[in-house]
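Below: the structure, in structure tokens.
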Amino acid sequence: MAKTRICVIGAGPSGMSMVYNFSKMETGNDAEIVCFDKQDTWGGQWNFSWRTGTDEYGEPCHNGMYKYLWSNGPKECLEYPDYTFEEHFGKPVPSFPPRPVMRDYIEGRMKKCAKDLKACFRFKTAVRFVKYNEMPEDNFSVTFTNLEDNKTVTETFTHVVVAIGIFNSPKIPNFPGIESFGGRVLHSHNFRDPNEFKGQRLLVIGASYSAEDIAIQCCKFGAKSIISSWRTKPMGFKWPKGIEEKPLVEKFDSNMVHFTDGTSAEVDTVIYCTGYLYLYPFMDENLKLKSPKLTMYPDNVYKGTLWLGGGNNKVFYIGMVDQYFSFTLFDVQTLWTCKYIFGELNEQTQREDLEKSMKEWVNRRNSLKDCHDEIDFQGDLITVLSKDTGYNIDSGPVGAKLFHTWEHQREADIVTYKDQCFPSIYTKSMAPAPSCKYSDALDDSIQAYTGAK
Ligand code: FAD
Ligand code: NA7
């Protein structure tokens, strides 16, 4: 039998969970995991980068997080059952942490591990191509470039885990007349600091999480006015003074924007919050997950994780869904992947059974009506994977309950929902109130969040 050699592409929270869960497996001595990332450290999107466009090696910049970004979901819904925020900080902490806190937390679990997990990572390394070699090889050729010395080599692996995230290739539609616009035009992927837009009149195109968060951020940091333009339906929140919603942009005429309801407005900057493309350019055609839009469950993936397209049952996709639970979902998916690879699951083996199960999930996905259905759907997926693997059985259902409450709080007041407190699913401790209301909080440091001196 060939030695098990797992290639993980991406060292964000998904890839980190894969390596962490692998390290806990009784695999025998010779199984190996290698996690590639083009960045110089782990953390994925949670690493702040000042760069936009291309990085120092000419690679497309991956990260789209910005300064003063606070988690938009309660941390209790993404907490790791075996490493709580309370354990990390030594005390209960508020429910909506800023970005540096989240990064510190995911790194904390890796560092707590007895094994030196960093040895499993190859940073500054971009994966270029993954190809399956048919029987008798029954393995993968993975081609990658060491970005420091620009050397490209190919190595062989028995399994491939794709963990590159879904929010990194900006989708930038065209609008008539945009070329005549005299101000700055950017996508939310390249938004770095709300201070840049102080005193400006902004147009934000899109009606989802990025549009909401960037509008509120810019309002908080002193933008003069913000129009958010929707295509399908308005977000409909009770917005603070300075933010209003309008229907879709019809055309630009220099700095005048005309909307489909016949109104118009002059703006200084346009921020596209129009979401992302879901691309896997390095995967060979038969291994490539195809998802034309953000989805709660991609086609052709068993239990949301095992790629059925190539027919080899050795490719796994982690976190390629619209995410409510994020870290918890990645964690249980990667635990499932590890146990699947090492034959520890009591899994179906007939292709028809795998496809039948996949289609049932896809059919249910197609019937989801609103965010509450989506939350229950994702909670149920976590429960199925938890039952298979022995993951904490409360993560899905109790997490879903918290998310329903969170949705109601967002609807009630989009400005204060990040001031709310949730109980930990695992320690049961109630989070304390933040020391400063989100609408006044200008310091996103770990010290300010934890109240440490
Ligand atoms: P990522 O974090 O995207 O990591 C993928 C890694 O793959 C990156 O390090 C990248 O460098 C690497 N990579 C990509 N291509 C290659 C290649 N070819 N070769 C080598 N390496 C490669 N989630 C929440 O839970 N709460 C939030 O509040 C929240 N806010 C967000 C705000 C913004 C602006 C964005 C963009 C995302 C937000 N998210 C949030 C979602 C966030 O993406 C996930 O929490 C999480 O980072 C996904 O983890 P991941 O490991 O799957 O992907
Ligand atoms: P999303 O959630 O994919 O939302 C994209 C939004 O952009 C959505 O409202 C779309 O409208 C809108 N969109 C897309 N294409 C167009 C065009 N052509 N014209 C007008 N509007 C368009 O992406 P986000 O960046 O908000 O969120 C992704 C993650 O990043 C999220 O998890 C955050 O935590 C951070 P639609 O409603 O489909 O009509």
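The values are calculated or read from the model by the stated rules, or taken from the named source; none is laboratory data. Predicted, not measured: the structure shown is a model, and the values here were computed from it. FYI the Cβ positions are ideal-geometry reconstructions off the backbone, even for glycines, and counts take in every protein chain you see.
Counting the residues of segment 307-349 that are farther than 21 Å from Tyr132 by Cα, more than 16 Å from ligand 1 (Cβ to nearest atom) and in a helix (DSSP H, G or I) gives 1.
Of the residues making up segment 381-401, those that are of a type outside the set (S, T, N, Q) and either within 19 Å of the chain's Cα centre (by Cα) or surrounded by 20 or more Cβ atoms within 10 Å (Cβ to Cβ) (or both) are Leu381, Ile382, Leu385, Tyr391, Gly396, Gly399, Ala400.
Remark: pairs (first residue in segment 416-438, in a strand (DSSP E or B); second residue surrounded by fewer than 15 Cβ atoms within 10 Å (Cβ to Cβ); Cβ separation under 6 Å; 6+ apart in sequence or on different chains) = Pro423/Met430.
Considering segment 9-68, the residues that are modelled with pLDDT of 95 or more and β-branched (Val, Ile, Thr) include one that is farthest from Phe121 (Cα to Cα), namely Thr52.
Among residues that are acidic (Asp, Glu) and either within 16 Å of ligand 1 (Cβ to nearest atom) or on the phi > 0 side of the Ramachandran plot (or both), Glu179 is not included. Residues in segment 209-219 that are within 16 Å of ligand 1 (Cβ to nearest atom) and crowded, with 18+ Cβ neighbours inside 10 Å: Ser210, Ala211, Glu212, Asp213, Ile214, Ala215, Ile216, Gln217, Cys218. Take Thr269 and tell me if it is within 15 Å of ligand 2 (Cβ to nearest atom), under 30 Å from Lys233 (Cβ atoms) and in contact (Cβ under 8 Å) with a residue 40 or more places away in the chain. When the stated conditions are applied, Thr269 does not pass them. Within segment 227-253, the only residue that satisfies the criterion of being in a strand (DSSP E or B), buried (at least 17 other Cβ atoms within 10 Å of the Cβ) and more than 15 Å from ligand 2 (Cβ to nearest atom) is Ile243. Among the candidates Arg103, Arg128, Arg99, the residue that is surrounded by fewer than 21 Cβ atoms within 10 Å (Cβ to Cβ) and within 16 Å of ligand 2 (Cβ to nearest atom) is uniquely Arg99. Of all positions in segment 287-306, none carries a residue that is in a strand (DSSP E or B) and not assigned by TED's automatic domain parsing to the domain that holds Leu354.
Looking at segment 10-32, is at least one residue in contact with a strand residue (DSSP E or B) (Cβ under 7 Å, 6 or more places away or on another chain), of a type in the set (A, V, I, L, M, F, W, C) and farther than 17 Å from Thr328 by Cα? Looking through segment 10-32, none of the residues is in contact with a strand residue (DSSP E or B) (Cβ under 7 Å, 6 or more places away or on another chain), of a type in the set (A, V, I, L, M, F, W, C) and farther than 17 Å from Thr328 by Cα. Among the residues examined, Met256 does not qualify as crowded, with 23+ Cβ neighbours inside 10 Å and more than 23 Å from Asp82 (Cβ to Cβ).
Of the candidates Asn29, Asn21, Asn63, the single residue that is within 16 Å of ligand 2 (Cβ to nearest atom) and in the same structural domain as Phe129 (by TED's automatic domain parsing) is Asn63. Scanning segment 197-208 for residues that are surrounded by fewer than 17 Cβ atoms within 10 Å (Cβ to Cβ) and within 16 Å of ligand 1 (Cβ to nearest atom) returns a single hit, Ser208. Of the strands (runs of 3 or more DSSP E) lying entirely inside segment 79-186, the ones with 1 or more residues being within 20 Å of the chain's Cα centre (by Cα) are found at 125-133, 159-162. Scanning segment 259-270 for residues that are of a type in the set (Gly, Ala, Ser), assigned to a loop (DSSP other than H, G, I, E, B) and surrounded by 13 or more Cβ atoms within 10 Å (Cβ to Cβ) yields a count of 0.
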